[in-house]
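Participant: I am attaching a structure below and will ask some questions about it afterwards.
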Amino acid sequence: MTRPENISLPDWEILKNKYPNNLEEIINKINSGYPVQYLIGNVEFYNSIIDIDERVLIPRFETELLVKETIYYIKKIFANKKIDVIDLGTGSGCIAIALKKSLNCNVDALDISIDALDLASNNALNNNVNINFINKDMTDKFTKKYDVIISNPPYIPYDGYVADNVLQYEPNLALFAKDEGIHFYKQIINKHLNFLNKPGLMAFEIGDNQKEILDDYLKKNYSLKYEFKKDFNNRYRYLFIFNE
């Protein structure tokens, strides 16, 4: 069978090996919009292999850059000190696992979805890291303080554009937020800032059109040092808040 143009050569080789008896069915599924990553069953994320399925969002390159930039700031702020980190809305656990493997840290990883936490726990086990997984809403009150709070929360406005295949197959719970998409940023900053040590860091992935509204919100409500950073496409996709 000839490789379809919309499937990369590496993915094609994996699919041929994984689905030798029903490859035509798999191709039809991909052509209908079903994510090839779910069919393969895993993705590479920041030097780790992360298993995925429809319980969690597919980790993306933009989130890898969030991890990279966060590690840069952590090393700059804390040097080699052992730190406490919490990942809010962990999903597949990709962020928490990457940070645990890269840094001297204790990591808590929180998600409202028990199904997501089941998958994340298996990913931590498969990557030989010890992470404390917690089944709570990211806006619930903390029970301890942290040096780093990191999150890639739902940030798409309910009337915002979402590709049909993402809307149909990826968990909507992890996609949408009210208040022009910035509800969870406001909640996390408002409720958890007092649980951030000094020095401390908050790190967020944001929507590519949310810099202005978040900048305005922070200026009006807080006296904090913060910085927006761009992704590989020169779009502002990250917010870092420094508790000094």
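Participant: Of Lys68, Lys100, which residue is among the basic types (Lys, Arg) and more than 13 Å from the chain's Cα centre (by Cα)?
Facilitator: Lys100
Participant: Could you run through region 168-185 and say how many residues are under 18 Å from Asp208 (Cα atoms) and surrounded by fewer than 16 Cβ atoms within 10 Å (Cβ to Cβ)?
Facilitator: First pass over region 168-185, keeping only residues under 18 Å from Asp208 (Cα atoms): 174-185.
Among the residues that remain, those that are also surrounded by fewer than 16 Cβ atoms within 10 Å (Cβ to Cβ) are: 178-179.
Residues meeting the conditions: 2.
Participant: Suppose we keep only residues that are in a helix (DSSP H, G or I) and not basic (Lys, Arg) within region 206-221. Which one would you say is nearest to Ser151 (Cα to Cα)?
Facilitator: Leu214
Participant: Mind checking which residues of region 64-105 are buried (at least 23 other Cβ atoms within 10 Å of the Cβ), touching an Asp or Glu at 6+ places or on another chain (Cβ under 9 Å) and either in contact (Cβ under 8 Å) with a residue 60 or more places away in the chain or at positive phi (or both)?
Facilitator: Leu66, Ile74, Val85, Ile86, Asp87, Leu88, Gly89, Gly91, Gly93
Participant: Given (1) surrounded by 17 or more Cβ atoms within 10 Å (Cβ to Cβ); (2) within 16 Å of the chain's Cα centre (by Cα), identify the lone condition not met by Asn127.
Facilitator: Failing condition for Asn127: (2).
Participant: Applying the selection to region 150-161, what residues are of a type outside the set (S, T, N, Q), outside any strand (DSSP E or B) and closer than 21 Å to Leu239 by Cα?
Facilitator: Pro153, Pro154, Tyr155, Pro157, Gly160
Participant: Of the residues Glu5, Glu44, which single one is in a strand (DSSP E or B), surrounded by fewer than 14 Cβ atoms within 10 Å (Cβ to Cβ) and among the charged types (D, E, K, R)? So that I can check it myself, show each step before the final result.
Facilitator: On the way: Glu5 fails: in a strand (DSSP E or B).
Unique residue meeting the criteria: Glu44.
Participant: If you don't mind, another one. Filter region 130-152 down to the residues that are surrounded by 21 or more Cβ atoms within 10 Å (Cβ to Cβ) and either in contact with a Gly (Cβ under 6 Å, 6 or more places away or on another chain) or of a type in the set (Ser, Thr, Tyr) (or both) and list them by number.
Facilitator: Met138, Tyr146, Asp147, Ser151
Participant: Report, by residue number, each residue of region 172-207 that is of a type in the set (A, V, I, L, M, F, W, C), within 20 Å of Tyr236 (Cβ to Cβ) and in contact with a strand residue (DSSP E or B) (Cβ under 9 Å, 6 or more places away or on another chain).
Facilitator: Result: Leu175, Ala177, Phe184, Ile188, Ile189, Leu201, Met202, Ala203, Phe204, Ile206.
Participant: So Asp111 fits all but one of (1) touching an Asp or Glu at 6+ places or on another chain (Cβ under 6 Å); (2) buried (at least 23 other Cβ atoms within 10 Å of the Cβ); what number is the exception?
Facilitator: Going through (1) touching an Asp or Glu at 6+ places or on another chain (Cβ under 6 Å); (2) buried (at least 23 other Cβ atoms within 10 Å of the Cβ) one by one, Asp111 breaks only (1).
Participant: Kindly establish whether Phe204 is surrounded by 16 or more Cβ atoms within 10 Å (Cβ to Cβ), modelled with pLDDT of 95 or more, touching a helix residue (DSSP H, G or I) at 6+ places or on another chain (Cβ under 9 Å) and farther than 20 Å from Gly89 by Cβ. Outline the logic, then answer.
Facilitator: Working: surrounded by 16 or more Cβ atoms within 10 Å (Cβ to Cβ): yes; modelled with pLDDT of 95 or more: yes; touching a helix residue (DSSP H, G or I) at 6+ places or on another chain (Cβ under 9 Å): yes; farther than 20 Å from Gly89 by Cβ: no.
Considered against the rule, which asks whether it is surrounded by 16 or more Cβ atoms within 10 Å (Cβ to Cβ), modelled with pLDDT of 95 or more, touching a helix residue (DSSP H, G or I) at 6+ places or on another chain (Cβ under 9 Å) and farther than 20 Å from Gly89 by Cβ, Phe204 comes out as no.
Participant: Determine which member of the set Lys211, Lys219 is more than 24 Å from Cys105 (Cβ to Cβ), exposed (fewer than 13 other Cβ atoms within 10 Å of the Cβ) and not β-branched (Val, Ile, Thr). Lay out the reasoning, then the answer.
Facilitator: Working: Lys211 fails: exposed (fewer than 13 other Cβ atoms within 10 Å of the Cβ).
Residue meeting the stated conditions: Lys219.
Participant: Tell me the strands (runs of 3 or more DSSP E) entirely within region 54-137 that contain at least 1 residues that are closer than 14 Å to Asn152 by Cα and modelled with pLDDT of 95 or more.
Facilitator: Answer list for region 54-137: 83-88, 105-111.
Participant: Another one. Within region 162-169, can one find any residue that is outside any loop (DSSP other than H, G, I, E, B), closer than 23 Å to Leu65 by Cα and among the aromatic types (Phe, Trp, Tyr)? Step through it out loud before you land on a result.
Facilitator: Filtering region 162-169 for residues outside any loop (DSSP other than H, G, I, E, B) gives 164-169.
Keeping just the survivors that are closer than 23 Å to Leu65 by Cα gives 166.
Among the residues that remain, those that are also among the aromatic types (Phe, Trp, Tyr) are: none.
Looking through region 162-169, none of the residues is outside any loop (DSSP other than H, G, I, E, B), closer than 23 Å to Leu65 by Cα and among the aromatic types (Phe, Trp, Tyr).
Participant: What number of residues in region 194-225 are of a type in the set (Ser, Thr, Tyr) and in contact (Cβ under 8 Å) with a residue 24 or more places away in the chain?
Facilitator: Final tally of qualifying residues: 2.
The values are calculated or read from the model by the stated rules, or taken from the named source; none is laboratory data. Remember, predicted model here, so these are calculated numbers, not experimental data. Glycine also receives a Cβ, built like all others from the backbone with ideal geometry; neighbour counts cover every protein chain displayed.
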